[in-house]
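> Just dropping this structure here.
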Amino acid sequence: MQIINVKHPLLKTQRPLEDTALIMGFFDGVHLGHQKVIETGVELAKQHNLKSVLLTFDRSPRTVYQHEKDYRYLSTMERKAQLIEKLGVDYLYFVEFSDIFAQLKPQAFVDQYMIALNAKYVIAGFDYTYGKKDVANMQTLPNYAQGKFATITVPEQLINGQKIGSSAIKEFLTNGHIETANMFLGYTYQNQGTVIHGLQRGRTLGYPTANISVDGCQLVPAIGVYATRIKINDTWYSAMTSVGYNVTFKENTGVTIEANIFDFDEDIYGQHVEIEWVKYLRGEVKFADAAGLVKQLEIDKKNTIKAL
């Protein structure tokens, strides 16, 4: 898969030479609903001997149109590209969602980012919009297409009657329902980050931890203790991981992510890691002393091993 980063306007040299099946959407998290849209586009490309092209953005349009602050993402650009590549897309376009780009009228957007990408089919989810929702949606897109391409609308995808959507998944994650979030994602949720120095209290308790600072503006699951896996140097290790405030020792650290990695004893400060959140074990508890905490950690380890 080739990745093309676009700073508006799209250059002629960045356009594909072949005709394309163009897949549109922001695809934060690339969940099961998104996967259905992407797979539809990839399959259509194969059927008609076209190249599959996916066009998305470097940030959520909500941060530009609605000026949302502290917006949290289910996937970084790198993670999104990784997930999209697995689905067989040929070309991935990341467009910088700048204020200038956001001002494009619907017809100009269609002309410059659909027709210019040689689209013979444009594939998107039922709720895809490209500007004001009441003006630029999948129902009105054929009017802007001017007969240059066909539109394929992928219907709403449901699990147990609930829409598979990024907002629902974020709610699951922030409420500790990690297994439900994973079911809607179709894979195990991840954060990526760097191992940083902490207070090293875990070592004195017999449970040394790697403190992880996540990349960018990723959403971190709810406060609590989790069964996790952590990837270090291309190897996955089992771990139990705490997201919390260190309430037992009253340390003003803010929220930290601390992973106790099983059967591992190496210096990994400064290394980039990936952490998979498999199962929520319990909430954060304030213990009377260190001995009470250690006793609970022994239980957490057994539960983690069982979960993994």
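The values are calculated or read from the model by the stated rules, or taken from the named source; none is laboratory data. Everything numeric in this text was worked out from a predicted model, so none of it was measured. Because the Cβ atoms are built from the backbone with ideal geometry, glycine has one as well, and the counts that use them run over all protein chains shown.
> Collect the residues in region 98-132 that are on the phi > 0 side of the Ramachandran plot and of a type in the set (Phe, Trp, Tyr), keeping them in residue-number order. Quick ask: steps written out before the conclusion?
Our first condition is that a residue be on the phi > 0 side of the Ramachandran plot; within region 98-132, this holds for 118, 131.
None; the set is empty.
> Collect the residues in region 57-93 that are farther than 18 Å from GLN192 by Cα and touching a Phe, Trp or Tyr at 6+ places or on another chain (Cβ under 8 Å), keeping them in residue-number order.
Correct list: PHE57, SER60, PRO61, ARG62, THR63, VAL64.
> Okay, next question. Are any residues in region 90-135 charged (D, E, K, R) and either under 15 Å from LEU50 (Cβ atoms) or assigned to a helix (DSSP H, G or I) (or both), and if so, which ones? Break it down into steps so the answer makes sense when it comes.
Filtering region 90-135 for residues charged (D, E, K, R) gives 90, 96, 99, 105, 111, 120, 127, 132-134.
Within region 90-135, ASP90, ASP99, ASP111, LYS120 qualify.
> Applying the selection to region 269-308, what residues are over 19 Å from TRP236 (Cα atoms) and among the acidic types (Asp, Glu)?
GLU284, ASP289, GLU298, ASP300
> Across region 220-278, which residue is modelled with the lowest pLDDT among those that are of a type in the set (D, E, K, R), on the phi < 0 side of the Ramachandran plot and not in a strand (DSSP E or B)? So that I can check it myself, show each step before the final result.
Residues of region 220-278 that are of a type in the set (D, E, K, R), as a first pass: 229, 231, 234, 250-251, 258, 263, 265-267, 274, 276.
Keeping just the survivors that are on the phi < 0 side of the Ramachandran plot gives 229, 231, 251, 258, 265-267, 274, 276.
Right, trim to not in a strand (DSSP E or B) and you get 251, 265-267.
On the way: GLU251: 51, ASP265: 89, GLU266: 92, ASP267: 92.
In this case the residue turns out to be GLU251.
> Can you name the condition, by its number, that GLU156 falls short on among (1) out of contact with any strand residue (DSSP E or B) (no Cβ under 8 Å at 6 or more places or on another chain); (2) surrounded by fewer than 14 Cβ atoms within 10 Å (Cβ to Cβ); (3) of a type outside the set (A, V, I, L, M, F, W, C)?
The single condition GLU156 does not satisfy is (1).
> Determine whether region 15-25 contains at least one residue that is at pLDDT 95 or above, outside any helix (DSSP H, G or I), among the basic types (Lys, Arg) and surrounded by fewer than 21 Cβ atoms within 10 Å (Cβ to Cβ).
Of the residues in region 15-25, the ones at pLDDT 95 or above are 15-25.
Restricting the remaining residues to those that are outside any helix (DSSP H, G or I) gives 15-25.
Next, only the ones that are among the basic types (Lys, Arg) stay: 15.
Filter again for surrounded by fewer than 21 Cβ atoms within 10 Å (Cβ to Cβ), leaving 15.
There is at least one residue in region 15-25 that is at pLDDT 95 or above, outside any helix (DSSP H, G or I), among the basic types (Lys, Arg) and surrounded by fewer than 21 Cβ atoms within 10 Å (Cβ to Cβ).
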